[in-house]
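*Asks:* Submitted below is the structure of interest, expressed as structure tokens.
No lab work stands behind these numbers, since they all come straight from the coordinates. Predicted model only: the values in this text are computed from it and were never measured. Virtual Cβ from ideal backbone geometry, glycine too; neighbours counted across all protein chains shown.
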Amino acid sequence: MKATRLLSQLEQMGIDTIAGVPDSTLKQFCDSVQTYQGKMSHYVTANEGAAVGVAIGSYLATGRPACVYMQNSGIGNAVNPLASLANKDVYGVPVLFIVGWRGEPGVRDEPQHVFQGKVTCQMFETLSVAYHVIDQDTRDEETDAVLQKAHETLARGEQFAIIVKKGTFEKEESFTWSNGNTMVREDVLGRILRTLSRDVVIVSTTGKISRELYEQSDAIYGGHENIFMTVGGMGHASMIALGIAEKRPDRKIVCIDGDGAALMHMGALPFIAARAPVNFYHIVINNMAHESVGAMPTGCQQTSFKGIAAAAGYRRADKLETLEAVDQIGSLIQEKAGPILLEIPVSLEAREDLGRPKESARENKETFMKYLKNPS
Ligand SMILES: Cc1ncc(C[n+]2csc(CCOP(=O)(O)OP(=O)(O)O)c2C)c(N)n1
């Protein structure tokens, strides 16, 4: 199926607003949204609930339904505004969802997608959202019929979801851009691992940051027991790190976050600043993009995480713009009390052959907890 055809059909349905958070299953769809020449307004929102918010606001202002796209892991973020606002028993606001289906039963996928994949259709049923699943064999006539059904559902003030299996959208024009940064994320992460003392506990964010740390740590130290990888639950790494930091004041905790993830649940920053844990250090690897799922810009490229952390009340916030500055992180952490935030700008480069954790998520959790039990 051609994403551009679908986009022009959405426009013909009167949809002039599209908002969401990118997903690898929807990579071509997201690229086509970026390159699309039509009149639709496009918003990459901080999280999927915020996309539903934009959809509701846009409908209130125009009477036209909006489209929200997301990975199925984002359904959780969307549930609240969907169930408590958009649902027909509340305001009855039409929204068309386009949802990438990771973890589809019977298709091998990463642990964080397995359960979410299994309950995806059930979740839409529970939320009273009618849905239809499409895949690479879906013909244009079937899509047309689905959109007709969607149109009728939206007209009743209800929501409709098109659930998209892997490989559905055929290759069209891709969207490429440069953020102008030169440091490469994986090099930076390797340097961070080298500069940190081995007794520093690391909590890493969702996506390639965790995968690169995992591989770099195995290559440098032959293991990764001090790293908790937040493989799902995007945006929650810093609160997980805070939870550890509060219970283990004897250990130094470093959260290695992404800009997209930090934006997703940004309330964590003022909260961490308010708790003021002296053993907490927050590194935000900023590529202005959701690089792990296709490098779509975050929509907040102007954001200064250093500025936000300072305003939130972190004890210190810096931007590290050279590898030499990155090499000083270890001594900074040994010498200075947290909470400190370090923002590191990096390019959009990533290795094609990057691997994934070899152990199960449970095994990694147990190894990490065993490691954490030991006093430093
Ligand atoms: C709630 C939720 N929405 C979307 C995703 C899909 N996803 C996985 S990684 C990622 C991008 C993360 O971006 P960022 O934190 O900036 O790190 P980068 O990949 O750029 O290094 C996205 C959107 C997800 N895992 N969970």
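*Asks:* Could you work out the pair-distance distribution P(r) of the range 226-376 from its alpha-carbon pairs, with 5 angstrom bin width and percents rounded to whole numbers?
*Replies:* 2, 9, 18, 21, 21, 17, 10, 3, 0
*Asks:* If you rank 332, 263, 354 by fewest surrounding Cβ atoms within 10 Å, what's the result? Walk me through the numbers before you get to the answer.
*Replies:* Values: 332 16, 263 24, 354 13.
Least to most surrounded, the residues fall as 354, 332, 263.
*Asks:* Ok, one more. Roughly speaking, what is the centre-to-centre gap between the range 296-349 and the range 1-57 when only Cα atoms are used, to the nearest Å?
*Replies:* 31 Å
*Asks:* Give the residue from 130, 99, 204 lying farthest towards the positive end of the charge dipole for the chain; charges sit on Cβ (+1 for Lys and Arg, -1 for Asp and Glu) and the dipole is referred to the Cα centre.
*Replies:* Selected residue: 204.
*Asks:* Now for a separate question. Calculated from DSSP H runs of 4 or more alone, at -39500 (n - 2.57) each and per residue, what is the 222 nm mean residue ellipticity of the chain, nearest 500?
*Replies:* On the way: 15 runs with 156 residues, N = 376.
Result for the chain: -12500 deg cm²/dmol, rounded to the nearest 500.
*Asks:* Further, regarding this structure: Just the number, please: percent antiparallel of the DSSP beta bridges in the range 243-376, rounded to the nearest 5.
*Replies:* 10 percent
*Asks:* Restricting attention to the alpha-carbon atoms of the chain, what are Rg (one decimal) and Dmax (integer), both in Å?
*Replies:* 21.3, 65
*Asks:* Okay, next question. By its C-alpha gyration tensor, with a ≥ b ≥ c as the square roots of the eigenvalues, how is the range 1-85 shaped: rounded for a/c under 1.5, else prolate for a/b larger than b/c, else oblate?
*Replies:* Values: a/c = 2.10, a/b = 1.19, b/c = 1.76.
Judged from the Cα gyration tensor, the range 1-85 comes out oblate (a/c at least 1.5, b/c at or above a/b).
*Asks:* Hey, fewest Cβ within 10 Å first, where do 67, 300 land in order? Could you put the intermediate results ahead of the total?
*Replies:* Values: 67 27, 300 15.
Listed from fewest to most nearby Cβ atoms, that is 300, 67.
*Asks:* Now for a separate question. Evaluate the charge dipole of the chain about its Cα centre and quote only its size in Debye, nearest 20, assuming +1 on the Cβ of each Lys and Arg and -1 on the Cβ of each Asp and Glu.
*Replies:* Details: 38 positive and 45 negative charges, 225 e Å.
Value, rounded to 20: 1080 debye.
*Asks:* So, one more: Within 10 Å of each residue's Cβ, count the other Cβ atoms and sort 202, 340 from fewest upward.
*Replies:* Values: 202 26, 340 21.
Going from sparsest to densest Cβ surroundings: 340, 202.
*Asks:* Show which lysines lie in cross-link reach of residue 2 when reach means a straight Cα distance below 28 angstrom and same-chain residues fewer than eight apart are skipped.
*Replies:* 27, 39, 118, 149, 165, 166, 171, 208
*Asks:* Over all alpha-carbon pairs in the range 3-164, figure out the percentage whose distance exceeds 25 Å.
*Replies:* On the way: 2871 of 13041 pairs.
Considering the range 3-164, 22 percent of its Cα-Cα pairs are separated by more than 25 Å.
*Asks:* Note down, for the range 92-163, the three equivalent ellipsoid semi-axes (square root of 5 times each alpha carbon gyration tensor eigenvalue), biggest first, whole angstrom.
*Replies:* Details: eigenvalues 111, 53, 11 Å².
For the range 92-163, the semi-axes come out at 24, 16, 7 Å.
*Asks:* Okay, next question. For the chain, what is the relative contact order in percent, using Cα pairs closer than 8 Å and at least 6 residues apart in sequence?
*Replies:* Details: 748 pairs, mean separation 60.3, N = 376.
Relative contact order of the chain: 16 percent.
*Asks:* Filter the trypsin sites (Lys or Arg not before Pro) in the range 1-84 to those in DSSP coil with at most 11 other Cβ atoms within 10 Å of their Cβ, and list the result. Intermediate values should be presented prior to the final figure.
*Replies:* Numbers: sites: 2, 5, 27, 39; in loops: 2, 39.
Listed in order of number, the matching sites are 39.
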